[in-house]
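Nothing in this text is a laboratory measurement; each read-out follows from the coordinates by a stated rule. All values derive from a computational prediction rather than experimental measurement. Neighbour counts run over all protein chains shown; Cβ positions are idealised from the backbone, glycine included.
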Amino acid sequence: MTDGIVIAVIGGLGAVIVALLGYLVTQLVKLGNRVRALEVRDRRSWLYIRSLIDYAYRHTDTTQYPLPEPPEGWLDDIKE
C-alpha cells in the first residue's frame, strides 16, 4: 500500500474512534445527571416519609391535624 492510503485509513479510524468517544462521554454525562436527580428525589422522599412516620406517632385525627405536604419538587418528573 502506498503512504497516502495508509494515512487515509489511519485518519478514518481516528475519526471513528473520536466520534465514538464523544458519544460515550455524552452518555456518561447524561447518566451522571440522572443519578444526581434520582439521589435528590431519594432524599426528598426520605424526608417526606420520615415526616409521615412522625405524624403517625403524634396524631391520630387527620381531620384536626392534616397530613404533611410533600416537599417541593417531590412529584416532579426526572429530566433526562
### Message
I want to verify the translational diffusion coefficient of the range 21-62 in µm²/s; compute it with Stokes-Einstein, Rh as the Kirkwood radius over Cα pairs, at 20 °C and 1.002 mPa s.
### Response
168 µm²/s
### Message
Taking just the alpha-carbon atoms of the chain, what radius of gyration and Dmax come out, in angstrom?
### Response
26.3, 88
### Task
Enter the angle in degrees (range 0 to 90, nearest 10) between the Cα long axis of helix 3-58 and the first principal axis of the Cα atoms of the chain, meaning the one along which they spread out most.
0 degrees
### Query
Treating the beta-carbon of each Lys and Arg as +1 and of each Asp and Glu as -1, no other charges, what is the dipole magnitude of the chain about its Cα centre, to the nearest 20 debye?
140 debye
